[in-house]
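The values are calculated or read from the model by the stated rules, or taken from the named source; none is laboratory data. Everything numeric in this text was worked out from a predicted model, so none of it was measured. As a convention, Cβ positions derive from the backbone with ideal geometry for all residues, glycine included, and neighbour counts pool all protein chains shown. We work out accessible area using only protein heavy atoms, side chains counted, and drop any ligands, DNA or RNA first. Shrake-Rupley method; radii C 1.70, N 1.55, O 1.52, S 1.80 Å.
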Amino acid sequence: GLSGGMRGRSTRVVHGQHALFVESIAKKEPSAMNLMTFATFGFISLIGLVFTMKFFTVSFKIPFKGILKVVVVFFLVNVINNQALNYHVPVPLHIIFRSGSLLASLVLSVLYEGRSYALRKYLSVLAITLGIIICTLATK
């Protein structure tokens, strides 16, 4: 088999090629990203149906209504995110910008759920958010 280092490099190469492929599709036909999102969701659902649920022979551990709400919201968020590509936002920047939900999650969990985190977590989220802002400004 491949050693750990080779496996890591080959994974980065495949991921890089995938990113270039997605970016070329997004540039030529941004609306195709919704089809790609739908196909990805369909593929993942099919894999889950076959391997996790064993064609509905394994019972749900989480109520189906709860799963359905999360899936619908996640799908809609992805479709809305794809609309940014209609404004010719570079795909790498788009990927980085989508990571910005980390700050929103942290703020909402503190404000609405009353959670508190270690200082290290707040600093980490701040550093990531600053990185996103810098990358966004650098593409102008």
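General observations
- Entry remark, segment 82-103: residues being part of a helix (DSSP H, G or I) and open to solvent by 50 Å² or more (accessible area, probe 1.4 Å) number 11 in total.
- For beta carbons closer than 6 Å, sequence separation of 6+ or different chains, a first residue in segment 19-39 that is free of Cβ contacts under 8 Å to residues at least 24 places away in the same chain and a second that is of a type outside the set (G, A, S), the qualifying pairs are A32/I25.
- Here is the figure for segment 87-140: residues that are under 22 Å from V77 (Cα atoms) and of a type in the set (S, T, Y) total 8.
- Residue within segment 130-137 that is open to solvent by 70 Å² or more (accessible area, probe 1.4 Å) and touching a Leu at 6+ places or on another chain (Cβ under 7 Å) present: no
- For segment 42-61, residues that are β-branched (V, I, T), in a loop (DSSP other than H, G, I, E, B) and open to solvent by 100 Å² or more (accessible area, probe 1.4 Å) total 1.
- Some residue of segment 65-81 being among the aliphatic types (A, V, I, L, M), in contact with a His (Cβ under 8 Å, 6 or more places away or on another chain), open to solvent by less than 60 Å² (accessible area, probe 1.4 Å) and under 23 Å from T136 (Cα atoms): no
- Subset of segment 117-140 [touching a residue at least 24 places away in the same chain (Cβ under 8 Å) and part of a loop (DSSP other than H, G, I, E, B)]: T139
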